[in-house]
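Peer 1: Here it is: the structure, laid out below.
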Amino acid sequence: MKVVPNLLSLFRIFLVPVFIVAYFTDHGEIKLYAIIIYAVAAGSDILDGYIARKYKASTNLGRVLDPLGDKLMLVSVMVCITIDGIIPIWAVLIAAVKEILLAIGGYVMYRISKEPMPAANILGKLSTVYFFIICMVLMIFRSIPNHIATAMISVAILVMLLALASYVRNYINFMKSR
């Protein structure tokens, strides 16, 4: 059973290029296929987390693949809706920098402690869910005025930055305990 969550995470990673192709080949007002692919990816994320917790099937590989799949999909969605002019480019840049900082911090923590990666905290999960909802809304209701779309993504980025601050606090506490 330990392999199932990892396979779901790999499936989600595989869906990233499929989403991008679907997004840019669907010329309708609503990017229906892209939205379905994004929803399937989100569902696989929920399912792999559920299986990993219920069956104690969490692995170090899964602790890398799961957030990697989430972040690749999220950044891909943000890049696509930025190219479409729905959100400003600074939103993607902030999200990408945050993910790079988290990856570096996680790698450093692992190199120092040799312990498995810690699980995501509640703010990180909330941030992921909120970004999913906002991006879905922006893909479905593409005629939302730019200033409202920017305000929506700004709130999502604020939640994301709060999650980053929480991870930084945990990292500082971890470094102090060493």
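The numbers here are math on the coordinates, done by the rules we state, and not lab data. On a predicted model such as this, the values are computed, not experimentally measured, just so you know. Here the Cβ positions follow ideal geometry from the backbone for every residue, glycine too, while neighbour counts run over all protein chains shown.
Peer 1: Would you mind pulling out the separation of the Cα centroids of the stretch 127-178 and the stretch 46-80, in Å?
Peer 2: Computed from Cα coordinates, the inter-centre distance equals 17 Å.
Peer 1: I've got another one for you. So, counting K/R as plus one and D/E as minus one, what does the shell of residues with Cβ under 14 Å around A52 add up to?
Peer 2: Residues near A52 contribute +3 overall.
Peer 1: Still on this structure, please answer the following. From the square roots a ≥ b ≥ c of the eigenvalues of the alpha-carbon gyration tensor of the chain, which class results: rounded (a/c under 1.5), prolate (a/b over b/c), or oblate?
Peer 2: oblate
Peer 1: Sort 24-36, 65-77, 5-17, 93-105 for me by packing, meaning the mean count of neighbouring Cβ atoms within 10 Å per residue, highest on top.
Peer 2: Order by mean packing, descending: 65-77, 5-17, 93-105, 24-36.
Peer 1: Taking the Cα atoms only, what angle lies between the long axis of helix 32-54 and the longest principal axis of the chain, rounded to 10 degrees?
Peer 2: Once rounded, the angle reads 20 degrees.
Peer 1: In this model, which of K2/K125; K98/K176; K98/K125; K114/K176; K71/K125 are farther than 20 Å apart at the alpha-carbon?
Peer 2: In this structure, K2/K125; K98/K176 exceed 20 Å between Cα atoms.
Peer 1: I've got another one for you. How many nm separate the modelled label positions at V75 and K56, each set 7 Å beyond the Cα in the direction of the Cβ?
Peer 2: So the label points at V75 and K56 sit 3.5 nm apart.
Peer 1: If a/c stays under 1.5 just call it rounded; otherwise compare a/b with b/c (prolate if a/b is bigger, oblate if not). Do that for the stretch 110-178, with a ≥ b ≥ c from the square roots of the Cα gyration tensor eigenvalues.
Peer 2: Note, shape of the stretch 110-178 comes out prolate.
Peer 1: Kindly express, to the nearest 10 degrees and within the range 0 to 90, the angle between helix 146-177's C-alpha long axis and the longest C-alpha principal axis of the chain.
Peer 2: 10
Peer 1: Here's another thing I want to ask about it. Extending each Cα 7 Å along its Cβ direction at V129 and H27, get the distance between those two points in nm, one decimal.
Peer 2: With each label point 7 Å from Cα toward Cβ, the separation is 3.9 nm.
Peer 1: So, in nm, how far is label S143 from label M1 when the simple model puts each one 7 Å beyond its Cα toward the Cβ?
Peer 2: Modelled inter-label distance: 4.9 nm.
Peer 1: Apply the Debye scattering formula to the stretch 55-123, with a single equal point scatterer on each alpha-carbon and no solvent, then give log10 I(q)/I(0) at q = 0.12, 0.15, 0.18, 0.21 Å⁻¹.
Peer 2: Log10 of I(q)/I(0), two decimals: -0.41, -0.59, -0.77, -0.94.
Peer 1: Normalised by the residues of the stretch 1-148, what does the relative contact order come to in percent, with Cα pairs under 8 Å and at least six apart?
Peer 2: 30
Peer 1: Something else about it: Nearest 10 degrees, 0 to 90: what angle lies between the long axis of helix 60-83 and the longest principal axis of the chain (Cα atoms)?
Peer 2: 20
Peer 1: Go ahead and estimate [θ] at 222 nm for the chain from helices alone: -39,500 (n - 2.57) per DSSP H run with n ≥ 4, summed, over the residue count, rounded to 500.
Peer 2: The per-residue figure over the chain is -29000 deg cm²/dmol.
Peer 1: Roughly speaking, what is the stretch gain from V155 to I172, that is 0.36 nm per residue apart minus the C-alpha to C-alpha distance, in nm to one decimal?
Peer 2: 3.6 nm
Peer 1: Quote the charge dipole size of the stretch 3-177 about the Cα centre in Debye, to the nearest 20; the model charges only the Cβ of Lys and Arg (+1) and of Asp and Glu (-1).
Peer 2: Its charge dipole is roughly 660 debye.
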